[in-house]
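Okay, structure first, notes after.
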Amino acid sequence: FGNGCCIPSEASIKLQMYGNILYGADALEYFTWELYPGGRPGLPDQHYAPITNVGTGEYMDTYDYVCIVDNEINARKFIFDGAEIKWIRHTKNRCPKGCNSIRTSEDPLMPDCFDYYYFNLQSHCLVESLENHGHEYLVIFNKEHTSSATLFIELNRDLMMVDKDGSFVPLELDDDHVVIGPGEALILLIK
């Protein structure tokens, strides 16, 4: 880390991009990571940038991560492009200004297909309801890039989720819960 810069990972790029989309961004710009210490003045070594700046133009691991994330977001853009945000909640007590937390099954905003739900205490998620093209989606976005979030749920009907390739697949639970990986967005088709 040297000067405190973040070493990009697929999860940290997803955290940045999905965070931007879910808070209402109309366009995305991939961040070029902080310059690595030791670069010569006028010709810095962008050690973790997608493409090196040392004259070779070599692709770095970050380039692959950007391609993976960009393909996933493009496959799912039909959900976000032109969507109306109905509401946003957070699972932690510390919420961004103007946002509210979501605690337990008593939250009246959650869709009625949930008989019961709660997030494990370590989960730091954004929960957002979107409407687009006559459909309602519930997005549960893990705002951590180093740890998973767990949602314990009981549903009164089967739900479809939007896979990373944009296809609709049945939501499969592991007993009574679903694990949302670091930086991942679980997108459920509610109606």
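How many residues does the stretch 62-90 contain that are among the polar types (S, T, N, Q) and open to solvent by 30 Å² or more (accessible area, probe 1.4 Å)?
So the answer is 2.
If a residue has to be in contact (Cβ under 8 Å) with a residue 60 or more places away in the chain and open to solvent by 70 Å² or more (accessible area, probe 1.4 Å) to count, how many in the stretch 121-151 make the cut?
Qualifying residue count for the region: 2.
For residue 181, indicate whether it is among the small types (Gly, Ala, Ser), at pLDDT 95 or above and open to solvent by 10 Å² or more (accessible area, probe 1.4 Å).
No.
Determine whether residue 154 is closer than 23 Å to residue 80 by Cβ and open to solvent by 10 Å² or more (accessible area, probe 1.4 Å).
no
Please state which one of 143, 191, 164 is out of contact with any Asp or Glu (no Cβ under 6 Å at 6 or more places or on another chain) and basic (Lys, Arg).
Among 143, 191, 164, only 143 is out of contact with any Asp or Glu (no Cβ under 6 Å at 6 or more places or on another chain) and basic (Lys, Arg).
Under 6 Å between Cβ atoms, which residue pairs at least 6 apart in sequence (or on different chains) link something in the stretch 6-33 that is more than 13 Å from residue 141 (Cβ to Cβ) and in a helix (DSSP H, G or I) with a partner that is open to solvent by less than 60 Å² (accessible area, probe 1.4 Å) and modelled with pLDDT of 90 or more?
13/69
Quickly run through the stretch 157-178 and pick out the residues that are outside any strand (DSSP E or B), open to solvent by less than 80 Å² (accessible area, probe 1.4 Å) and not acidic (Asp, Glu).
159, 166, 167, 171, 173
Assess whether residue 114 counts as being surrounded by 14 or more Cβ atoms within 10 Å (Cβ to Cβ), closer than 24 Å to residue 10 by Cβ and either aromatic (Phe, Trp, Tyr) or in contact with a Pro (Cβ under 8 Å, 6 or more places away or on another chain) (or both).
no
The values are calculated or read from the model by the stated rules, or taken from the named source; none is laboratory data. The shown structure was predicted, so the numbers you read here are calculated from the model rather than taken from an experiment. We place every Cβ from the backbone using ideal geometry, glycine too, and count neighbours over all the protein chains shown. The protein model used for the area step is the full one, side chains on, heavy atoms only, and it has no ligands, DNA or RNA in it. Shrake-Rupley method; radii C 1.70, N 1.55, O 1.52, S 1.80 Å.
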